[in-house]
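Here is the structure we will look at.
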Amino acid sequence: VVDKDIQQYVRQRLSSDKGLSKWGKDAALRQEIEMALMQGSKGMFRWAVCQLDTLGKCRNRADLRRALAALPPTLDKTYDRILCAVAAEDAEYAVRVLLWLAFSNRPLTVDEVAEVVAIDVARNPAFNRDEVLEDPLEALDICSSLVTITTDNDNERLQSTGKVVVLAHYSVKEYLVSDRIQRGQAERYSMQAAACHNIIARACLGYLGQFQKPEPMTEDTLSECKLMRYSAEFWVRHVQKAGDRAAKTSRAALHLLSRDNAAYLNWIRVHDLDEPWEGPKLGRVLAETPSPLYYAALISLEEVVRLLLEKNADVNAQGGKYGNALQAASDGGHEQVVKLLLEKNADVNAQGGFCGNALQATSVGGHEQVVKLLLDEGADINAQGGCYGNALQAASVGGHEQVVKLLLEK
């Protein structure tokens, strides 16, 4: 059944594909192509697709017959050949595109991919607008059969037409992250997940760094800067996925997380971590924005929290949905961040914010270790206020039996 599907697909491409139809006019040549692909595919549909893409680029019969005589025997060899055929001047662009498509948190629009190629994290500034692809579809030419355009109508946040660029097949990413690519000629395209997330995080931070005007942003700016929304929304997730690789990225994040840096305000204008479901608030001013320490604690950027505290950040600064950094970290159950804040004398009983206090915030989430930490530091177990009234009610609402026991024992 698979072979019949492949045969039907080959015939359809030979008759209707712009690059291949020129060979379909000669019945003998058409049969020669069909036989070579049917014998070589060994039931692999994806293999046949890639060979047809390559054959479509042949300019004459001599090129075509050379290609047919040297068809790669496996899908790995096929991908190896495609990558090695990327022009030298395009190789770095291809790496950037493939890396982003393999590890982005959502599909990227064609316009976003056009800007991706213009970010080099090894330079400062990282983003060079002159390198943006004038024709976004050239990303397809650079990466050949490895990427394709499709439509994503499920994501309301996607700009423009919903046209997105994606890896053409799951096997592309599987090959890029495998050990096998390291043994072939396309070794420079080898990828490792944590390292790639680290690169994307630094790229997002570098992209955000260009927005240095404190005046309210305009819709035009947001529309023109295609990668702004993605960078603002997802740099944090990439830092978190980078794990131990994120040491340099912590420094880049520290640079962004500064009230003296207008890019900090512009990031929050586009994507506020306190209200991620809300759209951009482009007129927001610095006075109504929580401290950098608050956001670093909220998202558990432990190294950034430590660095901010070393710079004498106000550990008890008020502001944000959760009122202060300790409550923000407690709500997420970020034990190491809570420890750092308490070591710097964060007020364990500070009142305010959505949950009233840190103990209530962590109780509703059932974060047993953080509850113990706060109690050991003298948290008032009966403090009233906040969304749930007190810590015991918060733990009960969440159904967290062990936390309820802890509180009752006190």
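FYI, it's all coordinate maths here, none of it is from the lab. Note that this is a predicted model, so its numbers are computed, not measured. Positions of Cβ are backbone-derived with ideal geometry, glycine not excepted, and every protein chain shown enters the neighbour counts.
Build a GNM of the chain with springs between Cα atoms under 10 Å apart, and of Gln351, Gln12, Gln393 the one that fluctuates most is Gln12. Normalised by the number of residues in the range 88-191, the average gap of Cα pairs under 8 Å and 6 or more apart makes the relative contact order 26 percent. Using a 7 Å offset from Cα along Cα-Cβ at Ala194, what residues in the range 88-115 end up with backbone N under 13 Å from the label point? Backbone N within reach: none found.
Using the Cβ-Cβ distance between Lys372 and Glu32 with R0 set to 60 Å, the FRET efficiency from 1/(1 + (r/R0)^6) comes to roughly 0.20. Taking trypsin sites (Lys or Arg not before Pro) across the range 100-197, the ones in a DSSP loop with at most 12 further Cβ atoms lying within 10 angstrom of their Cβ are Arg123, Arg157.
Put simply, the amide H of Val147, placed in the peptide plane, has neighbours under 5 Å in Ala168, leaving out anything fewer than 5 places away on its chain. Extending 7 Å from the Cα toward the beta-carbon at both Gln39 and Gln7 defines two label points whose distance is 1.6 nm.
Only Lys, Arg, Asp and Glu carry charge here, each on its Cβ (+1 for the first two, -1 for the last two); on that basis the range 2-71 has a dipole of about 220 debye about its Cα centre.
With only Cα atoms counted, the range 244-340 has Rg and Dmax values of 12.7, 36 Å.
Put simply, the amide H of Val164, placed in the peptide plane, has neighbours under 5 Å in Thr150, Thr151, Asp152, leaving out anything fewer than 5 places away on its chain. Here the range 88-191 is treated with +1 on each Lys and Arg Cβ and -1 on each Asp and Glu Cβ, and its dipole about the Cα centre works out to around 460 debye. Each of Gly19, Leu301, Asn312 was placed along the dipole of the chain (beta-carbon charges, centred on the mean Cα), and the one lying farthest toward the positive end is Gly19. Per-residue Karplus couplings for the range 47-59, computed as 6.51 cos²θ - 1.76 cosθ + 1.60 with θ equal to phi - 60°, are listed in order as 4, 4, 4, 5, 5, 5, 4, 5, 5, x, 8, 5, 8 Hz, Gly and Pro entered as x. Setting aside same-chain residues fewer than 8 positions from Lys42, which aspartates and glutamates have a Cα under 19 Å from its Cα? Within the straight-line cut-off, Lys42 pairs with Asp3, Asp5, Glu32, Glu34, Asp53, Asp76, Asp80.
Around the amide H of Asn324, modelled in the peptide plane, lie the amide H atoms of Gly319, all under 5 Å away and 5 or more residues distant in sequence or on another chain. If the segment from Ala317 to Glu89 were pulled out straight at 0.36 nm per residue, it would be longer than the present Cα-Cα gap by 77.1 nm. Connecting C-alpha atoms closer than 10 Å in a GNM of the chain, tell me which of Glu310, Glu302, Glu335 has the biggest fluctuation. Result: Glu310 has the largest fluctuation of those listed. Scalar couplings 3J(HN,Hα) for the range 123-137, obtained by applying the Karplus form with A = 6.51, B = -1.76, C = 1.60 to θ = phi - 60°, are 10, 9, x, 6, 9, 10, 4, 5, 8, 4, 5, 5, 10, x, 5 Hz; x denotes Gly and Pro. Taking Lys241 as the anchor, which lysines have their alpha carbon closer than 27 Å to its alpha carbon, excluding any fewer than eight residues away along the same chain? Straight-line reach from Lys241, under 27 Å: Lys163, Lys173, Lys226, Lys311, Lys321, Lys339. Karplus-based coupling profile of the range 212-225, in residue order and whole Hz: 9, 9, x, 4, x, 6, 10, 4, 4, 4, 5, 6, 6, 9, with θ = phi - 60° in 6.51 cos²θ - 1.76 cosθ + 1.60 and x standing for Gly or Pro.
In the range 1-109, a dipole from Cβ-located charges (positive for Lys and Arg, negative for Asp and Glu) runs towards its positive end, and of Ala67, Ile82, Tyr9 it is Tyr9 whose Cα lies farthest in that direction. Rounded to the nearest 20 debye, the dipole magnitude of the chain is 1500 debye, with +1 charges on Lys and Arg beta carbons, -1 on Asp and Glu beta carbons, and the Cα centre as origin. Relative to one another, the C-alpha centroids of the range 235-277 and the range 102-120 are positioned 18 Å apart.
Fully extending the segment from Ser16 to Gln336, taken as 0.36 nm per residue of separation minus the present Cα-Cα distance, adds 109.2 nm. Spacing of the modelled spin labels on Asp141 and Ala62, each 7 Å from Cα toward Cβ, amounts to 2.5 nm.
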